[in-house]
């Protein structure tokens, strides 16, 4: 199953969210294997395992049998340093957007650094929901015919898988120039570490009454984009969380002093 010409394939996962037709899962597995990819992750598929998936895999049953299954997208990408969501139309979630070639280069660059990366595809009819796109660092859009942009799920996987392989082939000659191994603290924080930070950030903003009665969603969306774009490493996230912990402590003390003065 392993393709010796694609040494970073272990770090790259294709994630299918809420797939409705099992045949698309099998066709996606086939599309992956033809391009040297093998890490298929399924999030809450409607029907899997299924004989239609097996039939359309056409020789890629090993990819299907090894597929990971998760109940949520957050769980599926928790250990990833880069998550790219494939979307066909503009959303309210502001994400850095790129085409398949640029996105593939970014994904492969992270994989070459020893960082797990995910390319995420949504449901056949509705794609990725806004809360799922919120978990992505960037978006990739395939420039299809605007008059008929209905691209099959497996075809979309094939486009991204092809671009990943082309990016790999372009880097192959420079493989000897890669830098040495990095420590975990030098690598970008994992998805789970960033989500833990964002949860604490939201709690801290509430504690210091940052929103002043306004809804917090808009500010948090913008702050998420700032920190995801900065791509802090694990050590930096720990530092930021230490700052937030102190801010929460000071807010708690200020509240206790305020309560005492009113009694």
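The values are calculated or read from the model by the stated rules, or taken from the named source; none is laboratory data. The model shown is predicted, which means the values in this text are computed figures rather than measured ones. Every residue, glycine as well, gets a Cβ built from its backbone with ideal geometry; the counts of neighbours run over all protein chains shown.
Structure summary
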read-out	value
Exclusive hit being without any contact (Cβ under 8 Å) to a residue 60 or more places away in the chain, more than 21 Å from residue 10 (Cα to Cα) and not in a strand (DSSP E or B), set 143, 139	143
Residue match in the stretch 164-178 (condition: on the phi < 0 side of the Ramachandran plot, in contact with a strand residue (DSSP E or B) (Cβ under 6 Å, 6 or more places away or on another chain) and not in a strand (DSSP E or B))	no
Count - residues of the stretch 10-26 that are within 20 Å of residue 82 (Cα to Cα) and buried (at least 22 other Cβ atoms within 10 Å of the Cβ)	6
Where residue 72 falls short, out of the listed (1) free of Cβ contacts under 8 Å to residues at least 60 places away in the same chain; (2) more than 16 Å from residue 116 (Cα to Cα); (3) crowded, with 20+ Cβ neighbours inside 10 Å	(3)
Some residue of the stretch 229-237 being outside the structural domain of residue 82 (by TED's automatic domain parsing), over 28 Å from residue 73 (Cα atoms) and either at pLDDT below 90 or not in a loop (DSSP other than H, G, I, E, B) (or both)	no
Residues that are assigned to a helix (DSSP H, G or I) and either at pLDDT 90 or above or under 29 Å from residue 33 (Cβ atoms) (or both), drawn from the stretch 179-202	191, 192, 193, 194, 195, 196, 197, 198, 199, 200, 201, 202
Enumeration of residues in the stretch 1-54 that are out of contact with any helix residue (DSSP H, G or I) (no Cβ under 6 Å at 6 or more places or on another chain) and part of a loop (DSSP other than H, G, I, E, B)	2, 3, 4, 5, 7, 18, 20, 21, 44, 45, 46, 49
So residue 29, is it buried (at least 18 other Cβ atoms within 10 Å of the Cβ), at pLDDT 95 or above and farther than 20 Å from residue 85 by Cα	no
Every residue from the stretch 210-228 that is farther than 18 Å from residue 245 by Cβ and not in a helix (DSSP H, G or I)	211, 212, 213, 214, 215, 216
Candidates 99, 114, 85 - the one that is within 24 Å of residue 166 (Cα to Cα) and surrounded by 24 or more Cβ atoms within 10 Å (Cβ to Cβ)	85
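For every residue, the table says whether it meets (1) at pLDDT below 90; (2) farther than 20 Å from residue 96 by Cβ.
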| residue | (1), (2) |
| --- | --- |
| 213 | yes, yes |
| 220 | no, no |
| 227 | no, no |
| 240 | no, yes |
| 247 | no, yes |
